[in-house]
1. For the Cα atoms of the chain, what angle does the longest principal axis make with the long axis of helix 230-245, in degrees from 0 to 90, nearest 10?
2. In what sequence, highest mean first, do 115-124, 229-238 appear when ranked by Cβ atoms within 10 angstrom?
3. What do you get for the angle between helix 173-186 and the principal long axis of the chain? Use alpha-carbon atoms, 0 to 90 degrees, nearest ten.
4. For the chain, with the dipole built from +1 on Lys and Arg beta-carbon atoms and -1 on Asp and Glu ones, taken about the Cα centre, which of F248, L44, L113 lies farthest toward the positive end?
5. Explain nothing, just the number: relative contact order of the stretch 173-255, from Cα pairs under 8 Å at least 6 residues apart, as a whole percent.
6. Which distance in Å, rounded to a whole number, links the C-alpha centroids of the stretch 1-76 and the stretch 190-255?
7. So, with +1 on the Cβ of K and R and -1 on the Cβ of D and E, and no other charges, what is the size of the charge dipole of the chain about its Cα centre, to the nearest 20 debye?
8. Which value in deg cm²/dmol, rounded to the nearest 500, describes the helix-derived mean residue ellipticity at 222 nm for the chain, given -39,500 (n - 2.57) per DSSP H run of n ≥ 4 and division by the residue count?
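Please treat every number below as a calculation from the coordinates, not as lab data. Keep in mind the model is a prediction, meaning the values are calculated, not measured. We place every Cβ from the backbone using ideal geometry, glycine too, and count neighbours over all the protein chains shown.
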Amino acid sequence: MLAGKTRSVSSKLLGVIEIFTASDVALSLSDIARKSDLPLATTLRFVREWVAWGGLIRLDDGRYAVGTRLWEVGVQAPSLQSLRNAALPFLDDLLVGTRQNAQLAILQGFETLYVEKISARNSTVLMSRVGMRLPLHATGVGLVLLANSGQNYIDEYLELPLKKYTACTVVDPRQVRQRLASIRVTGFVRAEEELHSGVISLAAPVHDRSGRTVAAISAVVSVEQRNDRSLDMMVRVAGLGVSRALGFRGSRVAP
């Protein structure tokens, strides 16, 4: 992290909110100061500003967590709102068809960001949740997004250390490249127990009017459904359906 004296006031203020993650949902004032590399007095001033605006809330135990005001602002992003509106009917179809989990994700930096998720009552419990970021190489939606990115982006990503989450996670760059090439041909990926055991992610791309891949849609099911290949086509059709709703006029649904 940059030393505090080299950063602008706005970058320091935003840095306070950026340190909250899925693994750090609630932090003490001293934790915030340490993680944002700011003096305690400065941290207190910024935290009070965030609380007054609604970006942070103070919990009963004295720690701080992200407030709903940020969500209220974020969901107003026109591109995200139109994407979610287009995808929801097809996510519902996947939920009914699989009786498990249906998800929508976009590319954010070198990670996949989940922007919608719906789950059946007795579905397999997943790590992902709306607003969470997960690795590209270990998730179905992430692999689809990575495969449809530019070559320079792929090269940069594969230069990073790839974490092996399970025995099934593919981390060898050469093997990942081969897999991405296959995804570009088929328009689909089946990721079996690569982020955590017991689940399979079936994912397909979502294209906008120009044909650009703007998101990925997936059904995440139990390994007990491994042999039900009708689920593959269900996800492919859902991806094409969302794409059509966004103005895409292609007709590719891989066999």
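1. On a 0 to 90 degree scale, this one is about 60.
2. Answer by packing, highest mean first, reads 229-238, 115-124.
3. 60 degrees
4. Of the options given, the answer is F248.
5. Result for the stretch 173-255 is 28 percent.
6. 36 Å
7. Using Cβ point charges on Lys, Arg, Asp and Glu, the chain gives about 400 debye.
8. So the helix-based figure for the chain works out to -13000 deg cm²/dmol.
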